[in-house]
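So the structure is just underneath, and the comments pick up after that.
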Amino acid sequence: MKQYNKYAVVFIFFKGAVMIVITGAAGFIGSVVLKYFNDKGYKDILAIDKLGDKAKWKNITNKRFADFGNRDDFINALYDYHSINAIIHMGACTDTSEFDLDYLMSTNFEYSKKLFLYAKDRKIPFLYASSAATYGAGEHGYSDKMNDIYQLTPLNPYGFSKQLFDQWVVNQSKTPPYWAGFKFFNVYGPNEYHKGRMASVIFHFFNQIRENGEVKLFKSYLDNYEHGEQKRDFVYVKDVAKMIYYFFENRMESGFFNVGTGRARSFNDLAMNVIANVNSDANIKYIDMPSDIKDKYQYFTEAEMTKVRDVGYKEKFYSLEDGIREYVNEFLMKNYKIF
């Protein structure tokens, strides 16, 4: 009788299947990516995540996948799999306020390296989540061209861990036949309900209106920004999933690609749109910024989307108004409906 190691036995069912691996499959972006692939007819998917005691398990209750595996067990048994035909790596620690570098390096750097090397050895595509946090304060712009990567100076340990992996990828002489690192800007939308403090400001604005009848925005500490006029590139999570699927299907040139709308909008704009869709007369209140992020705060982000368009991605992105309207009315107002 064939003997399986103690990790591989978890996934015996999957040994002969041709499959796509999606890590972080129960998370915010990962679960929406999983849903998008389902809608395009993909069901032979190995969903990987670490559920813990968070409510993110709800994100996969309406999804289709052939099997589910624990994140740690999967990586320990990785080379026992011979039928994986692509890896979409969305799993990571995404907490920008996490300061445990050992944890971040283990989760965002070492884990990603193992998957990349597996994809290289097996000659399969590897798509993964980088972050716009690698751009730091934007002093060198927001270009996703690879020759700019060493100029970037992240503002926090999370961005640092993502930056190190991006740099490591660039340094590899042998790579998977196709790889893409997606630099997500400020993603919002359904399935982020488990994220607590790290959920989008739109989610928090909605709950603040419901609970207190007001929206709280950070004060500005720079003379050239009025309170609430700090700007970010906010991108709807459905657009993120659509873009990842497009790159998976078309597999143009390998490299880094920004995932944003290309248009920065102010937090005041966000607040007013959420207030309007909740049909509330809520006020905006400007509050002090927490000390742990005050010196690491990005006042402006805007994705440079030229490279993405040049390689053929022509899809239109949700406007801020349309994205907030759908998110509030179709999901938040319906008891945090899962997409």
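For segment 87-133, which trypsin sites (Lys or Arg not before Pro) pass both filters: DSSP loop (anything but H, G, I, E, B) and at most 16 other C-beta atoms within 10 Å?
In loop regions of segment 87-133 (DSSP not H, G, I, E or B), the sparsely surrounded trypsin sites (Lys or Arg not before Pro) are Lys123.
In a solvent-free Debye calculation with one equal scatterer on each Cα, what is log10 I(q)/I(0) for segment 43-152 at q = 0.12, 0.13 Å⁻¹, listed in the order of the q values?
Debye intensities relative to I(0), on a log10 scale: -0.54, -0.63.
Under the rule of at least 5 residues apart or a separate chain, name every residue whose amide H is placed under 5 Å from the amide H of Phe218.
Amide H neighbours of Phe218: Ile287.
What's the carbon and sulfur percent of the chain's accessible surface, probe 1.4 angstrom, rounded to a whole number?
In the chain, the share of accessible area belonging to carbon and sulfur is 47 percent.
Just the ratio, please: alpha-carbon radius of gyration of segment 140-261 over 2.2 N^0.38 Å, N its number of residues.
Cα Rg divided by the expected 2.2 N^0.38 Å: 1.28.
If you average the sequence gap of Cα pairs under 8 Å that are 6 or more apart and divide by the length of the chain, what percent do you get for the contact order?
Rounded, it is 18 percent for the chain.
Provide the per-residue ³J(HN,Hα) series for segment 298-308, in order, calculated from phi with Karplus coefficients 6.51, -1.76, 1.60 and θ = phi - 60°, each as a whole number of Hz, with x at glycine and proline positions.
Per-residue couplings from phi come out as 8, 8, 8, 9, 7, 5, 7, 9, 4, 4, 4 Hz.
Amide H to amide H, which residues 5 or more places from Ile284 or on other chains are under 5 Å from it, using H placed in the peptide plane?
Under 5 Å from the amide H of Ile284: Val215.
In Å, what is the Rg of the alpha-carbon atoms in the chain, and how long is Dmax?
Using the Cα atoms of the chain, the pair Rg, Dmax is 20.0, 72 Å.
Could you check which residue among Gly213, Gly41, Gly91 shows the biggest mean-square fluctuation in a GNM of the chain with a 10 Å Cα cutoff?
Highest fluctuation of the listed residues: Gly41.
If you plug each phi of segment 241-252 into the Karplus form 6.51 cos²θ - 1.76 cosθ + 1.60 with θ = phi - 60°, what whole-Hz ³J(HN,Hα) values come out, in order, with x for Gly and Pro?
With the stated coefficients, segment 241-252 comes to 5, 4, 5, 4, 4, 4, 5, 5, 6, 9, 6, 6 Hz.
Please identify the trypsin sites (Lys or Arg not before Pro) of segment 174-246 that satisfy two criteria: DSSP loop assignment and at most 11 other Cβ atoms within 10 Å. Which are they?
Within segment 174-246, the qualifying trypsin sites (Lys or Arg not before Pro) (loop, at most 11 other Cβ atoms within 10 Å) are Lys174.
Which log10 I(q)/I(0) values does segment 225-339 give at q = 0.11, 0.13, 0.19, 0.22 Å⁻¹ under the Debye formula, counting every alpha carbon as one identical point scatterer?
Ignoring solvent entirely, the Cα scatterers give -0.48, -0.66, -1.13, -1.25.
Any chance you could give the angle, 0 to 90 degrees and rounded to 10, that helix 28-39 forms with the longest Cα principal axis of the chain?
Around 60 degrees separate the two axes.
Under the rule of at least 5 residues apart or a separate chain, name every residue whose amide H is placed under 5 Å from the amide H of Phe184.
Here the answer is Ser130, Ser131, Ala132, Val259, since their amide H atoms fall under 5 Å of that of Phe184.
Kindly report the accessible area of segment 55-94 per residue (heavy atoms of protein chains, probe 1.4 Å, no ligands, DNA or RNA), in Å².
Accessible area per residue: 43 Å².
Can you check what the net charge comes to around Tyr299, using other residues whose Cβ is under 14 Å from the Cβ of Tyr299 (Lys, Arg +1; Asp, Glu -1)?
Computed value for this residue: -1.
Hey, what angle do you get for helix 201-212 against the long axis of the chain, alpha-carbon based, 0 to 90 degrees rounded to 10?
Between the helix axis and the principal axis of the chain, the angle is about 50 degrees.
Of Lys231/Lys285; Lys50/Lys242; Lys56/Lys113; Lys296/Lys316; Lys238/Lys334; Lys162/Lys238, which sit over 20 Å apart, Cα to Cα?
Lys50/Lys242; Lys56/Lys113; Lys296/Lys316; Lys162/Lys238
For segment 205-277, just say rounded, prolate or oblate: build the C-alpha gyration tensor, square-root its eigenvalues into a ≥ b ≥ c, call rounded for a/c under 1.5, and beyond that prolate if a/b exceeds b/c, oblate if not.
oblate
Report ³J(HN,Hα) in whole Hz for each residue of segment 69-82, in order, from the Karplus equation J = 6.51 cos²θ - 1.76 cosθ + 1.60 where θ = phi - 60°; Gly and Pro get x.
Using θ = phi - 60°, the values come out as x, 5, 4, 6, 4, 5, 5, 6, 10, 3, 7, 7, 9, 10 Hz.
Calculate how steeply helix 157-170 sits against the longest principal axis of the alpha-carbon atoms of the chain, using the helix alpha-carbon long axis, and give the answer as 0 to 90 degrees to the nearest 10.
50 degrees
The values are calculated or read from the model by the stated rules, or taken from the named source; none is laboratory data. No experiment lies behind these values; they were computed from the predicted model shown. Note that we place each Cβ from the backbone using ideal geometry, even for glycine, and neighbour counts take in every protein chain shown. Remember, those area values only see protein heavy atoms, side chains included, never the ligands or the DNA or RNA. Shrake-Rupley method; radii C 1.70, N 1.55, O 1.52, S 1.80 Å.
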